[in-house]
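**Student:** There's a structure below that I have some questions on.
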Amino acid sequence: MMPRYLVAAAVALSTLVVAGAPYAQNYPSRPVRVLIPFPPGGNVDVFGRVLWPQVEKELGQTVVIDNRGGANGMLGSSIVANATPDGYTMLHTSFAFAVNPSIVKKMPFDVVKDFAPVTDVALGTGYLMVSHAGFPAKTVKELIDLAKQQPGKVRYSTAGVGNGQHLAGALFAERAGIDMLHVPYKGGGPAMTAALGGETQLHFPAPAVGIPHVKGGRVRGLGFTGNKRLASLPDVPTIGETVKGYYADAGWHGVFAPAKTPPAIVKTVQEAIYKALQAPHVRDHFLNGGYEPQGSNPAEWGKRFRADLKRYAEITRIAKIEPQ
């Protein structure tokens, strides 16, 4: 005969399972808040505002986007880390989330223990290298020649220290044998504005952000960090065409929930995102912007995310970014 305390434990466990099932089945019964930990106008925000209205249709519930920029995405991420794990607070972030542990000595949270991976939204094929309209260099070669004549004078803006734009710029400088000044901002939007206004000479925006400005003549497209030219900007060469061996992708956009969010709810959100990514207008927006839609299940995404923590640790070491 089973001891009484084991019987009691079994009954309690079965009660939790049964009680949790209707909870997950009724999800979502109220608006879902999605934290984008960057200011409006950056690539995560631009893509998020195309994706989430479609996810809203799949979930059958309102989705509210909340931009909380700062500290390379850590301020907004902290809100999610400390949120109730009920599926009503989600994080939509960039791969800076996986870079931060390698460049920040005292993280406000643990990216593995405090979050539940939901899905990878998209993988970026690369960044544009754009210059202020008045910048004298009109090609990558002219930029390199100018930077060699004026070490440390050419300024490039990014969405923050350790951001993908920073890594792309640092790798370019290293491979080209030049010295450029990195100027970090609180997000991709402000960094783009800096290049538009001439505060910096260069910026590395995601194609979705940079293409309209290039076509509008507000900035000049010097190069693309990916391994092949963008179909939407065929006249802009890859940087690798000038600097042999150079390549930098734009990393991923991913969604995370607070740790201990019920797996059934996490799966519901992942499936809604996957379906939303299949909508023609959403898929085309990502592809035309240089991003390949993903939508992996939580287990696959979690495995890839943990592998990237190690990969980006190595990249930041190569870029000589000292933890601060």
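The values are calculated or read from the model by the stated rules, or taken from the named source; none is laboratory data. Values in this document were obtained by computation on a predicted structure and should not be read as measured data. When we count neighbours, we look across all protein chains shown, and the Cβ atoms used for this are built from the backbone with ideal geometry, even at glycine. For the accessible areas, the whole protein counts, side chains as well, though only heavy atoms, and no ligand, DNA or RNA atoms are used. Shrake-Rupley method; radii C 1.70, N 1.55, O 1.52, S 1.80 Å.
**Student:** In the neighborhood of Leu277, defined by Cβ-to-Cβ distances under 12 Å, what is the net charge if each Lys or Arg adds +1 and each Asp or Glu adds -1? Each step should come with its number before you reach the end.
**Tutor:** Details: positive: Lys275, Arg283; negative: Glu58, Asp120, Glu271, Asp284, Glu292.
For residues surrounding Leu277, the net value is -3.
**Student:** Report in % the part of the accessible area of the chain that belongs to carbon and sulfur, leaving out ligands and nucleic acids; probe 1.4 Å.
**Tutor:** Values: 8200 of 14620 Å².
Reported share for carbon and sulfur atoms: 56 percent.
**Student:** Rounded to the nearest 5, what % of the DSSP beta bridges within the chain are antiparallel ones?
**Tutor:** Values: 22 of 37 bridges.
DSSP beta bridges in the chain are roughly 60 percent antiparallel.
**Student:** Please list Asp66, Asp235 in order of solvent-accessible area, largest first, computed with a 1.4 Å probe with all protein chains present. Could the numbers behind the result be given before it?
**Tutor:** Working: Asp66 30, Asp235 140 Å².
The ranking, largest first, comes out as Asp235, Asp66.
**Student:** Below 8 Å, C-alpha to C-alpha, sequence gap of six or more: please give me the relative contact order for the chain in percent. Could the numbers behind the result be given before it?
**Tutor:** Details: 661 pairs, mean separation 87.7, N = 324.
Across the chain, relative contact order equals 27 percent.
**Student:** Here's another thing I want to ask about it. Can you give the FRET efficiency to the nearest 0.05 for Asp179 and His281, using r as the Cβ-Cβ distance and R₀ = 41 Å?
**Tutor:** On the way: r = 43 Å, r/R0 = 1.06.
Step by step, r from the Cβ atoms, then E = 0.40.
**Student:** Here is a follow-up. Given axes a ≥ b ≥ c from the Cα gyration tensor, I'd like to know whether the chain is rounded (a/c under 1.5), prolate (a/b larger than b/c) or oblate. Intermediate values should be presented prior to the final figure.
**Tutor:** On the way: a/c = 2.59, a/b = 1.98, b/c = 1.31.
Prolate.
**Student:** Any idea how far apart Ala231 and Asp110 come out in nm if each label point goes 7 Å out from Cα toward Cβ?
**Tutor:** 4.4
**Student:** Still on this model: Under 23 Å between alpha carbons, and skipping anything fewer than 8 positions from Lys186 in its own chain: which lysines qualify?
**Tutor:** List returned: Lys105, Lys106, Lys153, Lys320.
**Student:** About its Cα centre, what dipole magnitude does the chain give when the only charges are +1 on Lys and Arg Cβ and -1 on Asp and Glu Cβ, stated in debye to the nearest 20? Intermediate values should be presented prior to the final figure.
**Tutor:** Details: 33 positive and 23 negative charges, 60 e Å.
Magnitude of the dipole: close to 280 debye.
**Student:** Mind checking which aspartates and glutamates have their C-alpha under 14 Å from Lys310, skipping anything on the same chain fewer than 8 residues away?
**Tutor:** Cross-link targets: none qualify.
**Student:** Applying a 10 Å radius around every beta-carbon, put 36-43, 199-206 in order of their mean neighbour count, most first.
**Tutor:** Working: 36-43: 25.1, 199-206: 26.8.
Result, highest mean Cβ count within 10 Å first: 199-206, 36-43.
**Student:** From the square roots a ≥ b ≥ c of the eigenvalues of the alpha-carbon gyration tensor of the range 86-241, which class results: rounded (a/c under 1.5), prolate (a/b over b/c), or oblate?
**Tutor:** Values: a/c = 2.05, a/b = 1.62, b/c = 1.27.
Note, shape of the range 86-241 comes out prolate.
**Student:** Rolling a 1.4 angstrom probe over the protein heavy atoms, how many square angstrom per residue are accessible across the chain? Don't skip to the answer; put the middle values down first.
**Tutor:** Details: 14620 Å² over 324 residues.
So the chain comes to 45 Å² accessible per residue, rounded to a whole number.
**Student:** Hey, what did the range 46-117 get for relative contact order, percent, Cα under 8 Å, at least 6 apart? Write down the numbers at each step before the final one.
**Tutor:** Working: 36 pairs, mean separation 16.4, N = 72.
RCO, the range 46-117: 23 percent.
**Student:** To the nearest 20 debye, what charge dipole does the range 142-202 have about its Cα centre, counting +1 at the Cβ of each Lys and Arg and -1 at the Cβ of each Asp and Glu?
**Tutor:** Details: 5 positive and 5 negative charges, 25 e Å.
Approximately 120 debye in magnitude.
**Student:** Now a separate question. Binning at 10 Å from 0, report for the range 229-308 what percent of all alpha-carbon pair distances ends up in each bin.
**Tutor:** The percentages, shortest bin first, are 15, 36, 29, 16, 5.
**Student:** Let's test the formula: R0 of 41 Å, r as the Cβ-Cβ distance of Lys260 and Glu322. What FRET efficiency results, to the nearest 0.05?
**Tutor:** Values: r = 34 Å, r/R0 = 0.83.
Using R0 = 41 Å, I get an efficiency of 0.75.
**Student:** Going by a ≥ b ≥ c, the root eigenvalues of the Cα gyration tensor, does the range 266-324 fall in the rounded group (a/c under 1.5), the prolate group (a/b larger than b/c) or the oblate group? It would help to have the intermediate numbers written out before the result.
**Tutor:** Details: a/c = 3.70, a/b = 1.72, b/c = 2.15.
Oblate shape, in that a/c is at least 1.5 and b/c is the bigger or equal ratio.
**Student:** What number, rounded to the nearest 500 deg cm²/dmol, is the helix-based mean residue ellipticity at 222 nm of the chain, given -39500 (n - 2.57) per DSSP H run of at least four residues and division by all its residues?
**Tutor:** Details: 11 runs with 143 residues, N = 324.
My calculation for the chain gives -14000 deg cm²/dmol from helical runs alone.
**Student:** Further question on the same structure: With just the Cα atoms defining each centre, how far is the range 116-155 from the range 224-301? Give it in Å.
**Tutor:** 20
**Student:** What translational diffusion coefficient, in µm²/s and rounded to a whole number, does the Stokes-Einstein relation yield for the range 46-91 at 10 °C and a viscosity of 1.306 mPa s, taking the hydrodynamic radius as the Kirkwood radius over Cα pairs?
**Tutor:** Rounded, D is 135 µm²/s.
**Student:** Which aspartates and glutamates, on any chain, are close to Lys260 with Cα under 14 Å apart, when same-chain ones fewer than 8 places away are left out?
**Tutor:** Asp86, Asp110, Asp114
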